[in-house]
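Step one of this worksheet: look at the structure below.
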Amino acid sequence: MNAEPVLAPSCPPAGPVDVGAAFLHHAPAVHRLANRLVGDPTAAQDVVQEVFLRLCRDPAKFPGDLAAIRPFLLTQSHGRAMDQARAETARARRERRHHERCAAPAPGVDDGVCDALMSARLRRALASLPRSESDAISLAFFGGLSYRAVALRLGIAEGTAKSRIRRGLDRMRADLRDQFANGDRE
């Protein structure tokens with residue numbers, strides 16, 4: 001890895017760590033660990049950048065003992081690489097499910113009618129939810145946003161976004177179950 005001190009000029013001199021020197025000295029080891037965990041050199045470079053950018057932005061998170069900088073950076077690299085690997089696994093799983101659904105035989109007229117009825121039922125169930133829950137569900141499922149992105153968009157905590165989505169989905173499930181149990185045709 002060609003390690004240039006790209007982060008050093010933009011880092012404030014605050015804190016016990018010379019981020020530029022730490023980058024020059026430890027970036028190759030951080031990159032090797034990240035690459036071993038994510039299996040992609042480009043993704044590993046993203047991990048390295050994120051680790052050193054975090055150190056630059058918040059040097060107070062570093063424990064302070066300069067002898068501990070390498071283990072600290074490697075621990076940070078491990079965490080970021082695992083987050084990235086989990087995200088990649090989830091993305092691949094979503095794509096695989098999507099391709100499996102798309103590989104299904106072409107729908108007939110009956111399928112189109114059923115889809116239209118189900119869409120109407122889903123719209124009714126979503127509309128019956130409190131606005132806070134329907135907004136969160138719409139952003140997550142129709143907007144394709146993560147829980148964190150939903151929380152940021154709505155200005156709420158991530159846990160609150162998760163709760164609203166889960167509660168709303170539970171209500172929708174119960175509403176749809178009732179619609180089907182009652183033989184609701186539209």
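The values are calculated or read from the model by the stated rules, or taken from the named source; none is laboratory data. Everything numeric in this text was worked out from a predicted model, so none of it was measured. In this analysis, Cβ positions are derived from the backbone assuming ideal geometry, glycine residues included, and neighbour counts consider all displayed protein chains.
Sort through Glu50, Glu88 and tell me the only one that's at pLDDT 90 or above and within 20 Å of Ser146 (Cα to Cα).
Answer to the selection: Glu50.
In the range 128-147, what residues are in a helix (DSSP H, G or I) and either surrounded by 11 or more Cβ atoms within 10 Å (Cβ to Cβ) or at pLDDT below 90 (or both)? Working first, answer last.
Initial filter on the range 128-147 (in a helix (DSSP H, G or I)): 131-142, 147.
Hits for the range 128-147 are Ser132, Glu133, Ser134, Asp135, Ala136, Ile137, Ser138, Leu139, Ala140, Phe141, Phe142, Tyr147.
Look through the range 37-89, keep the residues that are in contact with a helix residue (DSSP H, G or I) (Cβ under 8 Å, 6 or more places away or on another chain) and of a type in the set (Lys, Arg), and return whichever of them is surrounded by the fewest Cβ atoms within 10 Å (Cβ to Cβ).
Going through the qualifying residues, I end up with Lys61.
Among the residues of the range 107-114, is there at least one that is modelled with pLDDT of 75 or more and among the charged types (D, E, K, R)?
The answer is no; no qualifying residue exists.
Among all residue pairs at least 6 apart or on different chains, which show Cβ distances below 9 Å where the first residue, located in the range 149-173, is farther than 12 Å from Ser138 by Cα and the second is surrounded by 16 or more Cβ atoms within 10 Å (Cβ to Cβ) and basic (Lys, Arg)?
Sorted first by the residue in the range 149-173, then by its partner, the pairs are Ala151/Lys162; Ile156/Arg164.
Considering the range 32-46 alone, what residues qualify as being among the acidic types (Asp, Glu) and assigned to a helix (DSSP H, G or I)? Can you show your working first?
The first filter runs over the range 32-46 and keeps only residues among the acidic types (Asp, Glu), leaving 40, 46.
Within the range 32-46, Asp46 is the sole residue that qualifies.
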